[in-house]
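The values are calculated or read from the model by the stated rules, or taken from the named source; none is laboratory data. Keep in mind that what you see is a predicted model, and the values were worked out from it rather than measured. For neighbour counting, all protein chains shown are included, and Cβ atoms are generated from backbone atoms with ideal geometry for every residue, glycine included.
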Amino acid sequence: MLLLNSQTVDSSNTSVVDQATEQLSAWQKYWQTIDWDRVFSIVVQKGLTILAVLVLFYLIRRIGSFLIDQSFERQKRKMTDNATRIETIHALSMNVFSYTLFFFFLYSILDTLGIPVGSLLAGAGIAGIAIGLGAQGITNDIITGFFIIMEQQIDVGDYIRLTNLQIEGTVTSVGIRMLQMKASDGTVHFIPNRNITTISNLSRAHMQVKVDVRIQPDEGYDKISRLIDQANQELAEYFKDEIFDGPTLFGMVDLGNSNYAIRTIMYVTNGKQYKLQEEFLTTYVKKLNQNGFTIPNEPIVIGK
């Protein structure tokens, strides 16, 4: 019985050794069939090609970045008042150039390695469609922001009104994806560019100011007019750097329900309209009171 078991074990060990010997022999035959000269030639050829591609794209990137930087530096020296817009377009141009260059670089490397780029692009196209459908909002932001910047619709520091959103304030940042603006109460709004449909820029032209002071016409319209005109001349000299046209005495206007006022019209620097309106109205009231004229203080009732 022991002899039989010993013979079985020896037979099993012999079988394992034979299998290992056969596998080793197969590997040796496969190893010997490899054309190592050809493999070495291909590795050297591919390596040199990849090295040449690296050097070529490095030079293209350096030269392209230099030309873009120089171009925008010249623009900044010519257009010092639009430095923020130029910086934004500069950054956008550099990003587009870098991403485009990286795409062609990756394509060249994969093609050199023999990877089927066409199949990868087909698969990437399907994935790109799926991603694009989910990123439509961001794409719209970028496209809209690009045209806002390129068409010079707004600048940092402009006072604007977004009609469709009923928001107004001073622009603090114009981005390729988002607009930032600060309202008069200090609230900072972050608006995605795709939500912007109508921009009313109040800083591109002088603002009209209407100053109405209520009067009693039976107290002497001519005398009141002369006092208002005198006040206008004094204030126009004092605020000459902020007033571009006027002040012009428009005359009497009917506010409704037998309420009359004398109106003055002028055009002033944007942002100064509220201050000047208050200054002019305060001066009118003081001058009329000092000369004994009445300023009606009853509320105006509409629809009586």
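A few comments on the model shown:
- Residues within the stretch 239-250 that are at pLDDT 80 or above and either under 17 Å from VAL285 (Cβ atoms) or among the small types (Gly, Ala, Ser) (or both), tallied: 2
- Some residue of the stretch 296-304 being touching a residue at least 60 places away in the same chain (Cβ under 8 Å) and either exposed (fewer than 12 other Cβ atoms within 10 Å of the Cβ) or in a loop (DSSP other than H, G, I, E, B) (or both): yes
- Hits in the stretch 208-235 (condition: among the polar types (S, T, N, Q) and within 13 Å of PHE293 (Cα to Cα)): GLN216, SER225
- Residue ID - farthest from ILE243 (Cα to Cα), chosen from residues in the stretch 259-284 that are among the β-branched types (Val, Ile, Thr) and modelled with pLDDT under 85: ILE262
- Enumeration of residues in the stretch 195-219 that are loosely packed, with under 15 Cβ neighbours inside 10 Å and without any contact (Cβ under 8 Å) to a residue 40 or more places away in the chain: THR197, THR198, ASP218
- On inspection, ILE215 passes the criterion of being modelled with pLDDT of 75 or more and assigned by TED's automatic domain parsing to the domain that holds ALA261.
- Being exposed (fewer than 14 other Cβ atoms within 10 Å of the Cβ), β-branched (Val, Ile, Thr), under 12 Å from the mean Cα position of the chain (by Cα) and at pLDDT below 80 is a description that applies to ILE143.
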